Amino acid sequence: MYDMKTVSDKLEALLREKGVSVYEHCVSESEKQELNTEKADFNLFRTIFDNGVSVTVIQDGKKGAASGNDLSDAGLQKVVADALAGAASSIPDEANVIAEYQAPETFHAGPWDADMPRFYDALRAMMDTVEKEYPKVNLLQVIGDHTKHHVYYVNSNGTRFENFEGAYHMTLEMSGSDGEKNTGLDYTGISTHDLDTPLVDQGSIRAHLEATEKSLNSVSLPGKFEGTVVFTPDCLGYFLYMIASNYMMGGVIMEGTSQWLEKLGQQVVSDKITVTLKAQDDRIVDLSPFTNDGYKAEDVVAIEKGVLKAFLLNLYAAKKTGRPVTKNTSFAMVVENGDKTLDEIIASVDKGLIVGGFSGGEPGANGEFSGVAKNSFYVENGKVVGAVTETMINGNLETMFQNVIAVSKEQVCDGSTVLPYMACGGVVISGK
């Protein structure tokens, strides 16, 4: 593995030789040790190494950026040359700036050295549990890895960040079968530092296994109606990201198409919703200690009890709009839990769906969405009737999250986010 500081020093020397005074660069390396299984048998173990370098230069307001994976002297020279060529051909923009000075800091997170024998045992134990406790579930593929990243970031204002992080990851592909009955594919996964807790009990692994078995018994959905949708944590995260991209992120703020453009400090969704992007949280593995712009990451309260507290803007978008930059780009999202159990929420549903996934196009500028509810179950009179297929849901993002009926006490942490179940009313549900 390379000495990241030596590579960084070489880049700075090259940039100075070219007369560049405003720049930032990032050098990274990673090592992944991966175990693969197919149909419950381990069939592959490999180690993958990767390197990367990115350089951004700004000259007279003109910005150029380039990247590559060759950390040799020739490779570094090419990346610098490509960045300079990009700047020369670009249009000047006063918003092309770099982050101000941040105090140098080194960060460490997770197990740097992999314990692969123990991780193998944990994966084997998980598969044995599935075979014993979920006999109708077929684990088609299990991929487990330990990956460590070393990143060194520098900018010309004197910022120096170095990060060492290691984590275990597991992804599952599964389906259900019982005689002639079969389900479609389902996927789930976790990122973790924890090999003490059984892998099957982390994230939403058990929830997916149970849903896969239950999906073997499907029912026909009665026509079209307006009802309640209970989003699982996995699906809730997807919809909250749609909310962010439609109303809060840089593109829609710069373009002026966000319907929340003038609503900072105002109620935009239900007061049951509080969303924070975390910089540090013991429950979350996939954190970034500094942003893509070169700021030390901070906790960002995006929505507090339904009130819009912050837009999610990178440095360029902040400069273009005259708004504060968001010092968090990892989207390590935590949604505060509520006061009802999932069972209590389901018992309160007159007619609706538990939605485990969603497949649809991007919502319109007005927030209208439409798509297929995946891995979903019909609920009637407070009871789960059965799995449904070929079921559509549509509505308006803003209206739906204004009509929150309940948020669960339970939260699920998959290593990337901490999310509850959430029930929303006023969604149109369409069967065959």
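Being under 15 Å from Asn396 (Cα atoms), modelled with pLDDT of 95 or more, polar (S, T, N, Q) and open to solvent by less than 60 Å² (accessible area, probe 1.4 Å) is the requirement here; does Ser204 meet it? Lay out the reasoning, then the answer.
On the way: under 15 Å from Asn396 (Cα atoms): no; modelled with pLDDT of 95 or more: yes; polar (S, T, N, Q): yes; open to solvent by less than 60 Å² (accessible area, probe 1.4 Å): yes.
In short, no.
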For Glu398, state whether it is open to solvent by 70 Å² or more (accessible area, probe 1.4 Å) and touching a residue at least 12 places away in the same chain (Cβ under 8 Å).
no
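Across region 105-148, what is the number of residues that are small (Gly, Ala, Ser) and not in a loop (DSSP other than H, G, I, E, B)? Step through it out loud before you land on a result.
If we filter region 105-148 for residues that are small (Gly, Ala, Ser), which is where we start, we get 109-110, 114, 122, 125, 144.
Retained after the next criterion (residues that are not in a loop (DSSP other than H, G, I, E, B)): 109, 122, 125, 144.
Adding up the residues that qualify gives 4.
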Tell me which of these Met422 doesn't satisfy, since it passes every other one: (1) free of Cβ contacts under 8 Å to residues at least 60 places away in the same chain; (2) part of a strand (DSSP E or B).
(1)
Which one is nearest to Ala65 (Cα to Cα), of the residues in region 149-182 that are in a strand (DSSP E or B) and small (Gly, Ala, Ser)?
Gly166
Under 6 Å between Cβ atoms, which residue pairs at least 6 apart in sequence (or on different chains) link something in region 271-291 that is among the aromatic types (Phe, Trp, Tyr) with a partner that is open to solvent by 20 Å² or more (accessible area, probe 1.4 Å) and not in a loop (DSSP other than H, G, I, E, B)?
Phe290/Lys296
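Looking only at region 131-149, filter to residues that are of a type outside the set (D, E, K, R) and more than 26 Å from the chain's Cα centre (by Cα); which one of those is most open to solvent (accessible area, probe 1.4 Å)? Working first, answer last.
Step one: list which residues in region 131-149 are of a type outside the set (D, E, K, R), which gives 134-135, 137-144, 146-147, 149.
Okay, now just the ones that are also more than 26 Å from the chain's Cα centre (by Cα), so 134-135, 137-138.
Numbers: Tyr134: 15, Pro135: 95, Val137: 13, Asn138: 58 Å².
That would be Pro135.
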Selection within region 222-244 - more than 15 Å from Val404 (Cα to Cα), open to solvent by 20 Å² or more (accessible area, probe 1.4 Å) and out of contact with any helix residue (DSSP H, G or I) (no Cβ under 9 Å at 6 or more places or on another chain)
Pro222, Gly223, Lys224, Phe225, Tyr238, Tyr241
Tell me, yes or no, whether region 323-333 has at least one residue that is touching a Phe, Trp or Tyr at 6+ places or on another chain (Cβ under 6 Å), touching a residue at least 24 places away in the same chain (Cβ under 8 Å) and under 19 Å from Gly237 (Cα atoms).
no
Given (1) surrounded by 20 or more Cβ atoms within 10 Å (Cβ to Cβ); (2) in contact with a helix residue (DSSP H, G or I) (Cβ under 9 Å, 6 or more places away or on another chain); (3) of a type in the set (Asp, Glu), identify the lone condition not met by Glu165.
(2)
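Given the criteria open to solvent by 40 Å² or more (accessible area, probe 1.4 Å), touching a His at 6+ places or on another chain (Cβ under 7 Å) and in contact (Cβ under 8 Å) with a residue 24 or more places away in the chain, does Ser54 qualify?
Working: open to solvent by 40 Å² or more (accessible area, probe 1.4 Å): yes; touching a His at 6+ places or on another chain (Cβ under 7 Å): yes; in contact (Cβ under 8 Å) with a residue 24 or more places away in the chain: yes.
Judged against the criteria, Ser54 is a match.
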Looking only at region 19-42, which residues are in a loop (DSSP other than H, G, I, E, B) and loosely packed, with under 15 Cβ neighbours inside 10 Å?
Gly19, Ser21, Lys39
Filter region 47-99 down to residues that are touching a helix residue (DSSP H, G or I) at 6+ places or on another chain (Cβ under 8 Å) and among the basic types (Lys, Arg), then give me how many there are.
2
The residue from Gly386, Gly367 that alone is open to solvent by less than 20 Å² (accessible area, probe 1.4 Å), touching a residue at least 60 places away in the same chain (Cβ under 8 Å) and over 27 Å from the mean Cα position of the chain (by Cα) is Gly386
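The values are calculated or read from the model by the stated rules, or taken from the named source; none is laboratory data. Just so it is clear, the structure is predicted and the values come from calculations on it, not from any experiment. No Cβ is skipped: glycine too gets one built from the backbone with ideal geometry, and neighbour counts run over all protein chains shown. Accessible surface areas use protein heavy atoms only, side chains included; no ligands, DNA or RNA. Shrake-Rupley method; radii C 1.70, N 1.55, O 1.52, S 1.80 Å.
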